[in-house]
Amino acid sequence: MSHIVADARRLARCGYRSESHREELQLIPAHLFQSALGLKDLERFYLQVRQTSEALGEPLSDADATVQSMPEASPAKWHLAHTTWFFEAMVLSRHLKGYKPFDEKFTFLFNSYYETMGARQPRPRRGMVTRPALDEIYAYRAHVDQAVARLLNSRPTRDAAELIELGCHHEQQHQELLLTDILHLFAQNPIRPSYRDPAPASAETAVLPALSFTDFEGGIVEIGHGGAGFAFDSEGPRHRVLTEPFRLATRLVTNAEWMEFIEDSGYTKPLLWLSEGWTKALAEGWSRPLYWETRDGQHWTMTLRGFQTIEPTAPVAHVSYFEADAFATWSGKRLPSEAEWEVAAQSLDVDGNFLDLIRLRPKPASPRKVGVQQMFGDVWEWTRSPFSPYPRFRAVEGAVGEYNGKFMSGQFVLRGGSCATPPGHLRASYRNFFPAHTRWQFAGLRLADDA
Ligand SMILES: [Fe+2]
């Protein structure tokens with residue numbers, strides 16, 4: 001009882017309405033979609049996220065933002081609209097009295113996968129939505145922003161505030177997807193457009209620390225989100241796991257090391273590959289990471305800063321789980337489990353080459369740093385762990401319960417964020433997930449071994 005009173009006092013300080021506080025706690029159990037922001041901080045966070053999305057859309061023409069390059073990718077216009085629809089459908093329609101939707105048709109157009117929210121435009125056909133035009137999507141965003149501002153100024157319930165915060169983190173996820181989808185789209189264009197102007201390679205490309213490993217003693221350790229602050233439901237509950245003693249590479253696998261794998265016929269030796277990966281690699285003709293091309297004996301790659309020569313010392317990116325696993329086998333090592341990765345990351349600052357640096361490409365490891373580095377930013381790191389529920393996980397009831405729980409089959413966990421992840425979005429407990437054949441994300445690998 002006393003913790004409920006303390007919680008109510010904390011909420012009152014934050015400015016949330018508290019009359020039906022206990023009912024709201026039941027709607028969103030404590031370990032799910034936690035919110036720790038006061039209203040002023042939430043308002044600032046909302047504005048910052050919304051402005052960032054529009055800044056990311058700024059270099060794009062209406063045509064750039066409309067075309068869909070493959071069924072898994074979405075048009076930028078769809079990302080800008082869908083993140084707005086999330087606030088409209090999940091928050092405003094339920095929590096702002098008298099709210100009038102911008103356009104009733106948008107629910108069909110911009111619902112992603114929420115069965116509880118009704119029928120929707122099929123994902124592979126999102127690129128057919130040439131109307132509404134991009135300008136209209138920005139008007140839609142402004143309409144929803146004004147309504148969210150009204151809600152935040154009217155002492156929203158805790159339930160509403162938590163959903164707004166969830167909507168902000170959801171939009172940050174789509175900011176990264178917008179960039180990876182634009183990169184995939186521009187890579188299909190023979191003139192190889194640059195999303196941002198080309199930038200010089202890192203000054204640190206010439207020197208790289210030798211690959212070394214740090215030992216961890218293992219034992220019974222705790223992983224998962226258990227502290228204050230926001231986390232997605234799939235990051236909790238915090239729980240115990242047993243890890244055997246293990247070793248983790250102090251840096252990510254580089255492009256130069258990947259070239260050795262290619263030169264040693266890594267893509268044509270079936271014994272290195274998982275059966276499903278081998279079949280996929282043969283069917284799709286994989287012989288190098290996605291976006292790599294060879295011209296006059298030199299490796300080039302498509303980046304958000306245009307078509308560029310490959311930096312040998314930069315981390316390899318745009319490889320699938322199947323390729324990462326084959327590389328690890330070729331190296332005589334293995335991929336880490338997500339528990340091993342999290343044990344190593346828990347004591348580190350969440351600091352790295354994220355979106356705010358606008359490098360938009362992974363960066364070479366620093367020759368000056370000692371110990372494990374590049375854990376956050378640069379590229380998502382494939383782990384050997386399937387995306388499955390932690391002990392005592394329960395998806396919330398209702399529409400937001402569809403957010404993560406229903407995807408817990410057939411996917412692997414990636415950790416650590418990338419050069420396209422917004423700063424502040426990551427935590428040591430953060431679990432990203434994709435099917436094993438996925439290549440268009442900023443995904444690479446770090447080797448692990450048994451100690
Ligand atoms: Fe979404």
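Laboratory data are not the source of any read-out in this text; all were calculated from the coordinates shown. Since we're looking at a predicted model, the values are computed, not measured. Cβ: placed from backbone, ideal geometry, glycine included. Neighbour counts: every protein chain shown.
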Excluding same-chain residues fewer than 8 positions from Lys97, which lysines have a Cα within less than 27 Å of its Cα?
Lys40, Lys105
Report, by chain and number, residues whose modeled amide H sits under 5 Å from the one on Phe434, excluding near sequence neighbours (fewer than 5 apart, same chain).
Phe412, Leu414
Let me see the P(r) profile for the stretch 213-450: every Cα-Cα distance counted, bins of 5 Å, each bin given as a percent of all pairs.
1, 6, 14, 18, 20, 17, 12, 7, 3, 1, 0, 0
Measuring from the longest principal axis of the C-alpha atoms of the chain, the long axis of helix 39-57 (C-alpha) lies at a number of degrees, nearest 10, equal to 50 degrees
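Suppose we flag trypsin sites (Lys or Arg not before Pro) only when DSSP calls them loop and at most 11 other Cβ atoms lie within 10 Å. Which is the longest uninterrupted stretch of the chain?
106-367
Please compute the contact order of the stretch 66-221 in relative form: average sequence separation of alpha-carbon pairs under 8 Å and at least six residues apart, divided by the residue count, as a percent. Mind dumping the intermediate values first?
On the way: 125 pairs, mean separation 49.3, N = 156.
With pairs under 8 Å counted, the relative contact order is 32 percent.
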If the cut-off is a Cα-Cα distance under 17 Å, which aspartates and glutamates reach Lys333, setting aside same-chain residues fewer than 8 apart in sequence?
Asp215, Glu244, Glu257, Glu260, Asp264, Glu323, Asp325, Glu381, Asp449, Asp450
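Just check the chain against the gyration tensor rule for me: Cα atoms, a ≥ b ≥ c as the square roots of the eigenvalues, rounded for a/c under 1.5, and otherwise prolate or oblate depending on whether a/b exceeds b/c. If you can, show how the numbers build up before the last one.
Values: a/c = 1.93, a/b = 1.33, b/c = 1.45.
Oblate, since a/c reaches 1.5 and b/c is not below a/b.
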Based on Cβ point charges of +1 for Lys and Arg and -1 for Asp and Glu, what charge dipole magnitude is obtained for the stretch 41-88 about its Cα centre, in debye rounded to the nearest 20?
40 debye
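For the ranges 339-347, 254-262, what's the packing order if you count other beta-carbon atoms within 10 Å of each residue, average per peptide, and put the highest first?
On the way: 339-347: 21.1, 254-262: 18.9.
Highest mean packing first, the order is 339-347, 254-262.
Could you tell me the relative contact order of the chain? Use alpha-carbon pairs under 8 Å, at least six residues apart, and round to a whole percent. Please list the in-between numbers first.
Details: 789 pairs, mean separation 83.0, N = 451.
Value for the chain: 18 percent.
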For the stretch 315-451, what size does the Cα cloud have along each of its three principal axes, sorted from largest down, in whole Å?
49, 35, 29
Among the lysines, select those whose C-alpha is under 16 Å from the C-alpha of Lys269, and discard any that sit fewer than 8 residues away in the same chain.
Lys280
Which one, His425, Ser337, Ala324, is farthest towards the positive end of the dipole of the stretch 309-433 when Lys and Arg carry +1 and Asp and Glu -1 on their Cβ?
Ser337
